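Contents: one structure, followed by commentary.
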Amino acid sequence: MASCGQSEVTGMATIHRHVELRYDPVALDKKWQERWERDGHHRVSDDDPRPKWYELVMYPYPSGDLHIGHWYHYAPADCHARFKRMQGYNVLHPMGFDAFGLPAENAAISRGIHPQTWTMSNIEYMRGQLRSIGAIYDWDREIVTCLPEYYRWNQWLFLKLYQQGLAYRAKAPVVWCPSCNTVLANEQAVNGNCERCDTPITRRDLEQWFLRITDYADRLLDFNNLTDWPQNILTMQHNWIGRSEGVEISFDISSHGLEVKEISTFTTRIDTIFGVTFLVLAPEHPLVPLLTTGEQSGQVEAYIAKARQTSDIDRLSTETEKTGVFLGAYAVNRLNGERLPIFIGDYVLITYGTGAVMGVPAHDSRDFVFAQKYRLPVRIVVAPISWDGSELAEAYLGDGFMTNSGPYEGMTNEEGKEAIADDIEKNAWGKRAVSYRLRDWLISRQRYWGTPIPMIFCDHCGIVPVPEEDLPVLLPPDAEFKPTGESPLAAHQGFLNTRCPKCAGPARRETDTMDTFFDSSWYMLRYVSPEHSDGPFDPGKALEWLPVDQYTGGAEHAVMHLFYARFFIKALNDMGLINFDEPFSRLFNQGVILAEDHARMSKSRGNVVDPDEIVGELGADAVRCFLMFIGPWDQGGPWSAVGINGVSRWLNRVWDILGRDPDDLQKHPTDPQAVRATMRQLHQTIRKCHNDLERFKFNTAIAALMELTNHLNKVWAEAAIDPATWRECVEKFLLLLAPIAPHITEELWEMSGHSGSIHRQDFPTWDDESAAEELITLVVQVNGKVRDRLEVPADIEEAAAQELALASAKVKSFTEGKSVSRTIYVPGRLINVVVE
RNA sequence: GCCGAAGUGGCGGAAUGGUAGACGCGCCGGUCUCAAAAACCGGUGGGGGCAACCCCAUGUCGGUUCGACUCCGACCUUCGGCACCA
């Protein structure tokens with residue numbers, strides 16, 4: 001990739017001029033966008049008698065510039081929404097801004113602009129860019145999450161969640177980004193690095209606000225109402241929740257004379273309980289300081305200190321050697337009375353299960369390497385098939401018969417699991433339990449540009465929620481943004497100091513703000529009544545519009561936004577605020593638009609495509625068409641500066657075709673066969689467009705429309721059809737093209753003498769009879785290889801087809817001297833002659 | 001390492017188990033032009049043949065089938081996701 005960015009841009013502009021435009025698309029964009037706006041063409045009424053269709057796109061972050069990736073997301077989605085509208089739906093296709101978040105604050109720090117100023121001016125600019133798409137957004141419904149009218153309802157919802165016990169404060173080891181100086185959600189730590197700035201993350205113990213999403217783990221695992229979601233998203237959510245069934249089993253430590261008499265561990269392999277030869281606790285486990293003997297304390301403390309410093313990327317890597325330190329203490333396995341040494345090891349996570357594991361080196365690969373390193377015994381208790389009693393080279397993870405297992409000897413390990421679990425429960429040594437990989441959702445952020453968490457700390461009353469009538473808790477405009485690790489709000493005395501709502505004594509406000517995923521977890525509800533001031537949404541309107549019928553956005557939100565939104569809707573449903581259980585009925589993930597060099601677009605690579613420039617030259621319709629034409633929407637694909645000329649030329653031809661006077665055709669005799677063929681192709685095209693647009697297969701829909709224009713050009717050149725047929729064809733064609741290219745079709749609709757907008761017309765319908773072929777090309781195969789092609793009536797009978805096939809000279813040359821064993825006939829398709 | 005998706009002309013891509021390469025880009029030839037661009041018309045997977053035609057070809061190797069880009073198995077490559085979850 002050449003790095004001379006400047007000359008490349010001019011080079012690209014030259015390429016565009018390879019098409020000489022016969023009409024002025026830029027003028028049309030302006031004319032119609034203004035007129036649609038003036039006429040309130042895109043305003044959506046709540047009292048429309050037609051069935052509703054809520055088509056939602058993931059709203060953008062107002063970074064200040066709409067790039068071609070936004071176009072790739074929004075233009076096809078708009079086409080689909082327009083298509084549904086022409087099908088007779090009252091379509092809500094709203095747009096807004098995900099306006100809180102770090103970049104605004106970083107701009108404030110690096111350039112001295114207030115986040116509010118930066119964000120709002122970006123929004124202002126992006127509104128104009130979004131308008132250039134020509135989409136049917138109803139701007140009266142726009143939402144901007146950083147405005148108090150929106151975020152007060154974040155606070156309101158937070159209070160509701162708190163009342164339900166779904167929001168709580170806890171000290172927890174949290175993911176910390178030392179560069180952003182804030183806590184991150186688990187989901188925002190990517191490969192041990194901060195999602196935003198790529199800095200290796202560390203852990204910190206902090207008092208934080210959490211949402212109890214784990215309470216909903218099982219319900220979030222129920223995908224029965226999500227049959228129209230892509231399977232890969234469901235799989236990701238399934239794995240993210242990571243439900244495992246097992247047993248919590250405790251080991252006796254009463255001999256240590258502590259208040260705590262046992263250590264609890266979680267295992268999915270209780271069948272291996274007789275193979276336990278040691279225990280490992282997470283370094284952060286609360287029993288560690290109590291159990292450590294004086295002799296070992298030096299080593300243990302050093303190990304803990306080191307584990308704290310180790311970045312997550314090292315600690316979580318499967319490559320890292322498993323290390324640990326003996327505490328000097330022992331526990332007893334109650335099933336066989338054995339004494340087991342207790343270790344700490346950083347491969348045990350405090351956040352999963354009970355923070356302690358039973359070490360079964362024979363049947364767990366991690367325990368195996370740990371045992372080897374510290375020379376701990378390895379005892380096989382589930383015998384591999386045809387095991388000869390020799391030692392293992394690696395852990396055996398498969399099934400087998402129980403051995404060295406006391407009363408359970410000889411059972412299959414699956415039977416053993418149940419029998420042992422039963423006995424453990426009978427003796428109250430533990431119980432069957434379910435563990436989840438999923439953690440509660442940490443929503444506290446030590447940053448300024450977010451929704452203040454509406455909580456107050458009072459020395460007398462403890463944690464007191466801000467009363468509803470005191471909302472919103474406004475973000476003070478005059479805060480210092482320097483990231484110190486504490487929220488900037490903590491340094492703002494005016495914000496910090498308040499009165500306790502209960503006792504009216506002096507109190508302090510919570511100074512953390514909310515994760516912006518909180519905002520987007522319910523924004524689809526706000527669009528139905530963006531002005532509503534008695535609650536986050538008008539319940540009647542929510543009832544009317546939701547759930548979202550079609551949601552589109554990137555797959556990168558699989559375990560974050562999409563997951564959180566599902567949780568919110570379930571929680572709100574439980575509170576009786578809404579009456580549905582899933583926010584998005586259908587989900588479609590569009591792919592990623594790549595640069596011409598097939599790499600991801602990035603400023604550093606210098607391969608970014610600027611949509612404004614191309615729209616300013618070729619018009620919005622050409623860009624819309626080309627983005628949809630590149631390939632299947634869910635696959636994404638490379639942009640091509642030359643390729644867009646193809647659709648531009650095509651739109652030129654469309655302009656040309658519609659500009660012809662159909663009466664010119666009267667000067668020539670009409671060919672009835674050509675008329676039938678034309679009508680047939682029209683109906684086939686309508687059918688194909690309908691089916692393809694329904695399923696987001698824009699590329700093949702456009703290809704079919706191109707074929708129709710090619711056909712029309714041909715019959716025009718031959719003057720083979722009559723003016724009435726021509727008129728019907730071009731009119732229906734225009735309607736088919738309308739959702740794809742709204743500006744040119746609106747202009748041509750007006751020019752051909754129609755009053756009213758083309759976009760208020762019905763999408764054309766087809767009938768299969770008119771679309772049916774009269775003649776087909778019957779493929780004749782011999783042993784599966786094509787040997788001849790015959791023009792025959794479409795409804796030809798098998799016997800007749802067989803006779804024709806066998807009579808073919810070409811077929812004869814391949815069957816000569818051989819015997820025909822049978823023929824296979826596929827009606828309307830082919831006949832295959834099988835010889836020998 | 002595990003899970004998932006995808007590999008088709010020079011390029012983007014099309015094909016309910018039934019004509020592989022629709023549509024478009026690019027390229028080649030022609031028309032128009034003083035010339036070029038644009039536009040329009042025609043051609044365009046590889047190999048062989050004067051030709052009619054024939055052979056080969058959808059990542060690789062097998063399999064199922066009258067027939068496989070499509071279904072099954074193994075492998076290779078690319079791209080996503082997860083990655084000590086006991």
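The values are calculated or read from the model by the stated rules, or taken from the named source; none is laboratory data. Remember, predicted model here, so these are calculated numbers, not experimental data. Because the Cβ atoms are built from the backbone with ideal geometry, glycine has one as well, and the counts that use them run over all protein chains shown. In case anyone asks, the SASA skips ligands and DNA or RNA and just uses the protein heavy atoms, side chains included. Shrake-Rupley method; radii C 1.70, N 1.55, O 1.52, S 1.80 Å.
Observations on the model:
- Counted residues, region A:438-465 - those being over 19 Å from residue A:571 (Cβ atoms), surrounded by 22 or more Cβ atoms within 10 Å (Cβ to Cβ) and either within 16 Å of RNA strand B (Cβ to nearest atom) or aliphatic (A, V, I, L, M) (or both): 1
- The single residue among A:400, A:355 that is within 14 Å of RNA strand B (Cβ to nearest atom), in contact with a strand residue (DSSP E or B) (Cβ under 7 Å, 6 or more places away or on another chain) and among the small types (Gly, Ala, Ser) turns out to be A:355.
- Residue A:349 meets all of the listed conditions (1) crowded, with 22+ Cβ neighbours inside 10 Å; (2) at pLDDT below 90 but one, namely (1).
- Of all residues in region A:482-496 being in contact (Cβ under 8 Å) with a residue 24 or more places away in the chain and open to solvent by 30 Å² or more (accessible area, probe 1.4 Å), the one that is nearest to residue A:445 (Cα to Cα): A:486
- Applying the set (1) outside any loop (DSSP other than H, G, I, E, B); (2) of a type in the set (D, E, K, R); (3) in contact with a Leu (Cβ under 7 Å, 6 or more places away or on another chain) to residue A:570 leaves exactly one unmet item: (3).
- Residues (out of contact with any strand residue (DSSP E or B) (no Cβ under 6 Å at 6 or more places or on another chain) and of a type in the set (S, T, N, Q)) located in region A:427-467: A:427
- Candidates in region A:511-530 are the residues that are part of a loop (DSSP other than H, G, I, E, B) and modelled with pLDDT under 95; of these, the one that is farthest from residue A:143 (Cα to Cα) is A:511.
- Selection status of residue A:97, open to solvent by less than 10 Å² (accessible area, probe 1.4 Å), touching a Pro at 6+ places or on another chain (Cβ under 8 Å), among the aromatic types (Phe, Trp, Tyr) and farther than 14 Å from residue A:61 by Cα: no
- Matching residues, region A:173-187, being closer than 16 Å to residue A:560 by Cα and modelled with pLDDT under 70: A:185, A:186, A:187
- With respect to (1) within 22 Å of the chain's Cα centre (by Cα); (2) on the phi < 0 side of the Ramachandran plot, the lone exception for residue A:140 is condition (1).
- When residues of region A:761-791 are limited to those that are touching a residue at least 60 places away in the same chain (Cβ under 8 Å), farther than 30 Å from residue A:39 by Cα and open to solvent by 40 Å² or more (accessible area, probe 1.4 Å), the one nearest to RNA strand B (Cβ to nearest atom): A:773
- Selection within region A:402-427 - under 44 Å from the mean Cα position of the chain (by Cα) and open to solvent by 50 Å² or more (accessible area, probe 1.4 Å): A:414, A:415, A:418, A:422, A:425
- Among the residues making up region A:352-363, those that are out of contact with any helix residue (DSSP H, G or I) (no Cβ under 8 Å at 6 or more places or on another chain) and either charged (D, E, K, R) or open to solvent by 10 Å² or more (accessible area, probe 1.4 Å) (or both) are A:352, A:353, A:354.
- Screening residue A:700 with (1) away from RNA strand B (no atom under 16 Å from the Cβ); (2) closer than 30 Å to residue A:591 by Cα gives one miss only, at (1).
- Residue match in region A:673-690 (condition: open to solvent by 60 Å² or more (accessible area, probe 1.4 Å), within 43 Å of the chain's Cα centre (by Cα) and within 30 Å of residue A:589 (Cα to Cα)): yes
- Any hit, region A:740-760, residues being within 16 Å of RNA strand B (Cβ to nearest atom), on the phi < 0 side of the Ramachandran plot and open to solvent by 10 Å² or more (accessible area, probe 1.4 Å): no
- Restricting region A:797-815 to residues that are farther than 30 Å from residue A:771 by Cα and within 15 Å of RNA strand B (Cβ to nearest atom), the residue that is modelled with the lowest pLDDT: A:815
- For residue A:236, the criteria (1) touching a residue at least 60 places away in the same chain (Cβ under 8 Å); (2) open to solvent by 40 Å² or more (accessible area, probe 1.4 Å); (3) hydrophobic (A, V, I, L, M, F, W, C); (4) more than 11 Å from RNA strand B (Cβ to nearest atom) hold in every case but one, which is (4).
- Among the candidates A:642, A:647, A:615, the residue that is β-branched (Val, Ile, Thr), in contact (Cβ under 8 Å) with a residue 60 or more places away in the chain and either under 23 Å from residue A:733 (Cβ atoms) or more than 9 Å from RNA strand B (Cβ to nearest atom) (or both) is uniquely A:615.
- Being within 24 Å of residue A:618 (Cβ to Cβ) and in a helix (DSSP H, G or I) is a condition met by no residue of region A:674-687.
- Here the condition is being within 27 Å of residue A:591 (Cα to Cα) and open to solvent by less than 50 Å² (accessible area, probe 1.4 Å); of A:651, A:708, it holds for A:651 alone.
- Flag if residue A:731 is away from RNA strand B (no atom under 16 Å from the Cβ) and surrounded by 15 or more Cβ atoms within 10 Å (Cβ to Cβ): yes
- Top-ranked residue of region A:577-600 - restricted to ones that are under 21 Å from the mean Cα position of the chain (by Cα) and open to solvent by 50 Å² or more (accessible area, probe 1.4 Å), ranked as farthest from residue A:126 (Cα to Cα): A:586
- Residue check for residue A:369: closer than 30 Å to residue A:240 by Cβ, in the same structural domain as residue A:281 (by TED's automatic domain parsing) and not in a strand (DSSP E or B): yes
Conditions tested, residue by residue: (1) assigned by TED's automatic domain parsing to the domain that holds residue A:247; (2) modelled with pLDDT of 95 or more; (3) open to solvent by 40 Å² or more (accessible area, probe 1.4 Å).
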| position | (1), (2), (3) |
| --- | --- |
| A:279 | yes, yes, no |
| A:285 | yes, no, no |
| A:294 | yes, no, yes |
| A:301 | yes, no, yes |
| A:307 | yes, no, no |
| A:312 | yes, no, no |
| A:318 | yes, no, yes |
| A:323 | yes, no, no |
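- Among (1) open to solvent by 20 Å² or more (accessible area, probe 1.4 Å); (2) assigned to a helix (DSSP H, G or I), the one test that residue A:126 misses: (1)
- Test: residue A:794 is farther than 30 Å from residue A:24 by Cβ, surrounded by 13 or more Cβ atoms within 10 Å (Cβ to Cβ) and within 16 Å of RNA strand B (Cβ to nearest atom): no
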